[in-house]
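Participant: To start, I am sharing the structure in question, which I have written as C-alpha cells.
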Amino acid sequence: MHEAPRPKKVGSWYAVGALVAHYRKKARLTQEQLAEMANISVDTVRSIEQGRLALQPDRAEQFDELLNTGGALTVVVARLPVRDRIVQFAQGLVDHEQEALSVLSYESLLVPGLLQTRDYCRAVFDYRYPAIGNEKAEQWVNARMERQAIWQRERPTVGHFILEESLLRREVGGREVMRAQLRQILEYTEPAHMSFQVMPMNKTPHPCLDGPMVLLETPEHERLVYLEVQRASFLVDDPDEVSDYHLKYGMLRSQALSPDKSVRLLKGLLGES
C-alpha cells in the first residue's frame, strides 16, 4: 500500500502565486490595496500569493485587469492540468482517473464525486469542519465538475457504482438539492457504459463494511485501488492486494440490488414509481 504523494511547495500554484505577487509589486500595490480593489479579503490575496489557494479563472481575469498584465494570469491558469486544481490528498486518484479505462466505485457516505451535481458538491464542502471558506470551496467544486468530463470523452470511461441506500436518503444540501442529485445519478448512469446498483440498508453483513473504495484500470491495463479516509488517501498497486479488492467488489455486486431494481428504488425516492 502506498500513500498518495503530497506536492511540495514548488508546485504550480506556488508559481502562479509568485506571478501574482510580481505583477502586484510591479503595479506598486500592497496586498491590502489589491484586496480592496478586488473586493476580497487580504487573507485571500495572501493565500493566493503563497500558493495555498488556487487562482480561479474569473479571479485571474479580474487580477489581469486590475494589474494590467495583458492577460498573462488568465493564460497561465487555463493551461494548468486538472490535477493541479484538486485538493492535495486526492491528487493521486485524479492522476489516474483522467485516463482510466474503467472506474468501479463503492461509496457508503456520500454520492461519488464523479456523479455529484454542483449544488450537492458545494453543500458537501460547506459542511466541512473546519470551514474552508467560499473561495477555496468554489475552487474545489469547479475542479470536481471538471473531473466529470471523463464521461464525455470520445471513448468514455466505463463506470460502475455501488451506492449504499442510506446515502441516497441523506438530504445533503436540503430536499430539492437531493432530488436533483438523484435525478442526475439516473441520467449519468443511463448510457451503456455506465451503471449503478444500490446496496440495501438491510443487507448485513456484506464484504465492505470497512469503507469506500475506487478500482481503476489504466490504459496500460494496470489495476489500482484508491482508498480515502478523512484527509488521508492511499493508492494500492500490489497485485495481490488489488486482487482482494476486486474480489470484494464482485461480492458487493452480487449482493446489491440489480440495476433495474436500483433504478426503481431511486424513482421511488423521487415519488416517480
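Participant: So, in the stretch 90-125, exactly how many residues are in contact (Cβ under 8 Å) with a residue 40 or more places away in the chain, in a helix (DSSP H, G or I) and under 19 Å from residue 181 (Cα atoms)?
Facilitator: 7
Participant: Check 120, 106 and return the single one that is out of contact with any Pro (no Cβ under 8 Å at 6 or more places or on another chain), at pLDDT 85 or above and at negative phi.
Facilitator: Answer to the selection: 120.
Participant: Find the residue count for the stretch 60-103, including only residues that are among the small types (Gly, Ala, Ser), under 24 Å from residue 163 (Cβ atoms) and at pLDDT below 95.
Facilitator: 3
Participant: Would you pick out the residues in the stretch 126-143 that are closer than 27 Å to residue 79 by Cα and not in a helix (DSSP H, G or I)?
Facilitator: If the condition is that a residue be closer than 27 Å to residue 79 by Cα and not in a helix (DSSP H, G or I), then 132, 133 are the ones that fit.
Participant: Right, something else. Go through 228, 171 for me and flag whichever is in contact (Cβ under 8 Å) with a residue 24 or more places away in the chain, in contact with a helix residue (DSSP H, G or I) (Cβ under 8 Å, 6 or more places away or on another chain) and of a type in the set (Asp, Glu).
Facilitator: So the residue among 228, 171 that is in contact (Cβ under 8 Å) with a residue 24 or more places away in the chain, in contact with a helix residue (DSSP H, G or I) (Cβ under 8 Å, 6 or more places away or on another chain) and of a type in the set (Asp, Glu) is 228.
Participant: Conditions: (1) buried (at least 21 other Cβ atoms within 10 Å of the Cβ); (2) closer than 18 Å to residue 53 by Cβ; (3) modelled with pLDDT under 85. Residue 144 meets all but one. Number of the miss?
Facilitator: Among (1) buried (at least 21 other Cβ atoms within 10 Å of the Cβ); (2) closer than 18 Å to residue 53 by Cβ; (3) modelled with pLDDT under 85, the lone unmet condition for residue 144 is (3).
Participant: Sort through 235, 224, 252, 265 and tell me the only one that's in the same structural domain as residue 105 (by TED's automatic domain parsing), touching a Cys at 6+ places or on another chain (Cβ under 6 Å) and either within 26 Å of residue 182 (Cα to Cα) or crowded, with 19+ Cβ neighbours inside 10 Å (or both). Can you show your working first?
Facilitator: Numbers: 235 fails: touching a Cys at 6+ places or on another chain (Cβ under 6 Å); 224 fails: touching a Cys at 6+ places or on another chain (Cβ under 6 Å); 265 fails: touching a Cys at 6+ places or on another chain (Cβ under 6 Å).
Matching residue, one of 235, 224, 252, 265: 252.
Participant: Considering only residues of the stretch 204-221 that are charged (D, E, K, R) and under 16 Å from residue 96 (Cβ atoms), which is surrounded by the fewest Cβ atoms within 10 Å (Cβ to Cβ)?
Facilitator: By that ranking, first place goes to 220.
Participant: Run residue 201 past the list (1) under 28 Å from residue 126 (Cα atoms); (2) surrounded by 13 or more Cβ atoms within 10 Å (Cβ to Cβ) and report the number of the one that doesn't hold.
Facilitator: (2)
The values are calculated or read from the model by the stated rules, or taken from the named source; none is laboratory data. Values in this document were obtained by computation on a predicted structure and should not be read as measured data. Glycine gets a Cβ as well: all are built from the backbone with ideal geometry, and neighbour counts include every protein chain shown.
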